[in-house]
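Trainee: Starting off with a structure, shown below.
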Amino acid sequence: MTPTVDCSPATIDIEDLGFDAGAHLLVKHALAHVAVGGRLRVTGQGAGWQAPLAHWCRSQGHAISLEGEAAVIARGSAQTGRWRDALATGRSDPHVPGAVLEQAEPGWGLAARGALVEAGSPSFAFRLDRKEEVWCDNAAELYAQAVAAQWNPDTALDWSVSFTHPPEIEQAVCQVMTYMVENENAALLVPARFLGQIHPHFREMQAALAIQVADEARHIDVFTRRIRKGGREPALSTAGGQASLKTLLDEPDFSMASFLLSVQGEGSFVHLLQFLAEHGPDPLTRQICKLAARDEARHVALGMSHLLYRLQAGPALRQQLARAMQQRHEGLSGTSGLNEEVFDALILIGAGALDIAALRRGFERVQALVRDMAGGRFARLLRLGFERDEAQRLSLLHTRNFM
């Protein structure tokens, strides 16, 4: 139907279809083809059909007049009726529908980005409502990668494997897995805490963090199942390790938490998982750690992408990152760092046996792991724009608990 002019209104006949039984849809869709200010003539045969039509027109911002047995509607604009004061979410750029805006408004609430929100909708207080606080340009891409890389522990892993390594090596695996569970508990809780604070306007970052939480939940599950596969229960957890992880949960700033957890902690954790994927005493342990390392690498990429985005607009953030790392180091100066049980367990895993030659080899492998962790932190700090000397200093400040 082509747009009409006042002198020749289009006509539709709703026959005896009740206005509350679907006739309003006929009128609504017919008006969509009428220009603003144009007219639509409506006829019908049902009893009392004009009264509900008139009420509907008033609610939608259209004028209506009765002409004998017919009604003539003059179409109003989108700025009239119940949508007159609607809020546009992400519509500031007509060339980019649903564009991500710099500031999300409380009145947008839970609406989809790009939607019109009816006036009178409740306001929602999301603490993280500015793009610079939470955004990175490749969040959607990283989310898509994570979706494609999800794995099912029951099908991706062979749980029927039999262990042939000595009991002391199995105890070492149990101790390291216990340590990794508590670290993954922190890695789950930190992004989960911020998820409810991010305005839904920034849905790509919400989705990326949500699947990161799901990754960590899966890691906790498989690490725990691996412990029990060997017929044991979780081993030892130290006060120093708990204190180190508590600093991550206590960090109130999203960017600082991303830096300390994802960029520094999980970055080092990737090296630990790769170490276990190479030196684990059985194929189940090696495959678990290989899959978990792949997940953790995405988490590091998300944290790095967010910080690089923020640093583009505010290079002063670099000083805040350094200060946060320094303060965390000083706050943990009274702790012992990585407990000796975990350190010894890693040596045993690297050795594969309890004899002098093997232990010497295991110790050297753990020292290489520590150097690789420091080198990885140094490289990430350089990428974030720190000068080499500062990057070297900060890398060495990282908590001895690895995470």
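Computed from the coordinates by the stated procedures, all read-outs in this text should not be read as laboratory data. Owing to the predicted nature of the structure, the values given are computational and were not obtained by experimental measurement. Virtual Cβ from ideal backbone geometry, glycine too; neighbours counted across all protein chains shown.
Trainee: Taking 35 Å as R0, compute the FRET efficiency from the Cβ-Cβ separation of ALA217 and LEU397 and round it to 0.05.
Mentor: 0.70
Trainee: What FRET efficiency do you get for THR155 and LEU354 if R0 is 41 Å and r is their Cβ-Cβ distance, rounded to the nearest 0.05?
Mentor: Given R0 = 41 Å and the Cβ-Cβ separation, E is 0.70.
Trainee: Still on this model: Assuming R0 = 41 Å, what is the FRET efficiency of SER59 and VAL147, from their Cβ-Cβ distance, to the nearest 0.05?
Mentor: After rounding, the FRET efficiency stands at 0.50.
Trainee: Something else: What is the distance, in nm, between label points placed 7 Å from the Cα along the Cα-to-Cβ direction at LEU249 and at PHE124?
Mentor: Going by the 7 Å Cα→Cβ label model, 2.6 nm.
Trainee: Assuming a ≥ b ≥ c are the square roots of the Cα gyration tensor eigenvalues, decide whether the stretch 10-74 counts as rounded (a/c under 1.5), prolate (otherwise, with a/b larger than b/c) or oblate.
Mentor: rounded
Trainee: Still on this structure, I have one more. If the chain between ALA21 and ALA88 were fully stretched, how many nm would it gain, using 0.36 nm times the residue separation less the Cα-Cα distance?
Mentor: 21.1 nm
Trainee: If you don't mind, there's one more thing I want to ask. For labels at ASP389 and HIS33 in the simple 7 Å Cα→Cβ model, what's the distance in nm?
Mentor: That separation, rounded to one decimal, is 7.6 nm.
Trainee: Considering only DSSP beta bridges where both residues belong to the chain, give the percentage that are antiparallel (nearest 5).
Mentor: The answer is about 70 percent antiparallel.
Trainee: Report, ordered by chain and residue number, the aspartates and glutamates lying within cross-link reach of LYS131, taken as a straight Cα distance under 12 Å and ignoring same-chain residues fewer than 8 apart.
Mentor: Answer for LYS131, where 12 Å is the Cα cut-off: GLU102, GLU105, GLU204, listed by chain and number.
Trainee: Bins of 20 Å, beginning at zero and ending with the bin holding the largest distance: percent of Cα pairs per bin for the chain, please.
Mentor: Per 20 Å bin, starting at zero, the Cα-Cα P(r) for the chain comes out as 23, 38, 20, 15, 4, 0 percent.
Trainee: Would you kindly derive the ³J(HN,Hα) couplings of the stretch 131-145 from the backbone phi angles with the Karplus curve 6.51 cos²θ - 1.76 cosθ + 1.60 (θ = phi - 60°), listing them in order in whole Hz, with x for Gly and Pro?
Mentor: 4, 4, 6, 10, 8, 8, 6, 10, 4, 5, 5, 5, 5, 4, 4
Trainee: Roughly what % of DSSP beta bridges within the stretch 10-74 run antiparallel, to the nearest 5?
Mentor: Close to 70 percent.
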